[in-house]
1. Report yes if Leu93 is surrounded by 13 or more Cβ atoms within 10 Å (Cβ to Cβ), in contact with a helix residue (DSSP H, G or I) (Cβ under 9 Å, 6 or more places away or on another chain) and modelled with pLDDT of 95 or more, otherwise no.
2. I'd like the residue in the stretch 12-34 that is within 15 Å of the chain's Cα centre (by Cα) and open to solvent by less than 10 Å² (accessible area, probe 1.4 Å) and, out of all such residues, is farthest from Trp109 (Cα to Cα).
3. Sort through Glu98, Glu73 and tell me the only one that's among the acidic types (Asp, Glu), out of contact with any Pro (no Cβ under 7 Å at 6 or more places or on another chain) and open to solvent by 10 Å² or more (accessible area, probe 1.4 Å).
4. If the Cβ limit is 9 Å and pairs must be 6+ apart or interchain, which residue in the stretch 189-209 that is over 18 Å from Leu179 (Cβ atoms) pairs with which residue that is open to solvent by 20 Å² or more (accessible area, probe 1.4 Å) and among the basic types (Lys, Arg)?
5. Take the conditions of a type outside the set (Phe, Trp, Tyr) and in a loop (DSSP other than H, G, I, E, B) and apply them to Gly194. Does it pass?
6. Quick check on the stretch 131-157: of everything there that is aliphatic (A, V, I, L, M) and part of a strand (DSSP E or B), which residue is farthest from Ala188 (Cα to Cα)?
7. Residues in the stretch 110-126: is at least one part of a loop (DSSP other than H, G, I, E, B), closer than 20 Å to Leu183 by Cα, open to solvent by 30 Å² or more (accessible area, probe 1.4 Å) and in contact with a Gly (Cβ under 7 Å, 6 or more places away or on another chain)?
8. For the stretch 1-97, give me every one of the strands (runs of 3 or more DSSP E) that falls completely inside it and has 3 or more residues that are without any contact (Cβ under 8 Å) to a residue 40 or more places away in the chain, of a type outside the set (S, T, N, Q) and on the phi < 0 side of the Ramachandran plot.
Amino acid sequence: MRAMILAAGRGERMRPLTDNLPKPLLPVAGKPLIVHHIERLARCGIRQVVINHAHLGEMIEACLGDGSAWGVEIQYSPEKKALETGGGILRALPLLGEAPFLVVNGDIWCDVDFSRLHLGDQMLAHLVLVSNPPHHPAGDFVLEGDRVRVDQGARLTFSGIGVYHPRLFATCQPGAFPLAPLLKAAMASDQVSGEHHQGFWIDVGTPQRLAELSSQWEGVEARKSR
């Protein structure tokens, strides 16, 4: 399976940290956040990685190069102006191939095992959902068994991690557009599966949550060293 890391966001909520540094390069435990993603993908056996970028994208390419430092091959999908999640994935499809592929938001942290995520027959998407964080108490989608719905009920939050089939984007036109309407249309035809990941997850969307992640990381490392 190939993987894509979404790294084109401007990071408005992270300002002023992102005025001169793209959000994926913000440091966590001594290395850029995006490097942690690449290392975890490599450990799970994923060798081909696509990264889109827009804001200060040349800095991302300069930092990561061709990926050989981590045993992966990185291809880039530059965007003159950020195309949102759906538009960014559509633009990168020629690099992702014809098989289902994994997509990870570049501004989250999660300990889910990428290697066990897969797309079932006839499914267009498989989403990793998490318990609702304090900053998003209403959640996004309902999980009924292994199917994800937009129905009324107890909702969970979309983690920013999913496996998608290229057919999900079959009717899309180039340009900027969100991913959510495509997912909701696929849910209506019962073609989105999902799971509730109950491990660690955080949306690293603000300086405060970045500091929280760094603090929790240091605590985990400290416990390991005892």
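1. yes
2. Per the stated criteria, the residue is Pro24.
3. Values: Glu98 fails: out of contact with any Pro (no Cβ under 7 Å at 6 or more places or on another chain).
From the options Glu98, Glu73, the qualifying one is Glu73.
4. Correct list of pairs: Asp190/Arg147; Asp190/Arg149; Ile202/Arg209; Val204/Lys23; Thr206/Arg13; Pro207/Arg13; Pro207/Arg15.
5. no
6. So in the stretch 131-157, the residues aliphatic (A, V, I, L, M) come out as 138, 142-143, 148, 150, 154, 156.
Subset that is part of a strand (DSSP E or B): 142-143, 148, 156.
Values: Val142: 12, Leu143: 13, Val148: 9, Leu156: 17 Å.
Top of the filtered list is Leu156.
7. The answer is no, given that none of the residues of the stretch 110-126 is part of a loop (DSSP other than H, G, I, E, B), closer than 20 Å to Leu183 by Cα, open to solvent by 30 Å² or more (accessible area, probe 1.4 Å) and in contact with a Gly (Cβ under 7 Å, 6 or more places away or on another chain).
8. Those strands (runs of 3 or more DSSP E) span 73-78.
The values are calculated or read from the model by the stated rules, or taken from the named source; none is laboratory data. Everything quoted here is computed from the prediction, not taken from an experiment. Methodologically, a virtual Cβ is constructed for each residue, glycine included, from the backbone with ideal geometry; neighbour enumeration extends over all protein chains shown. Remember, those area values only see protein heavy atoms, side chains included, never the ligands or the DNA or RNA. Shrake-Rupley method; radii C 1.70, N 1.55, O 1.52, S 1.80 Å.
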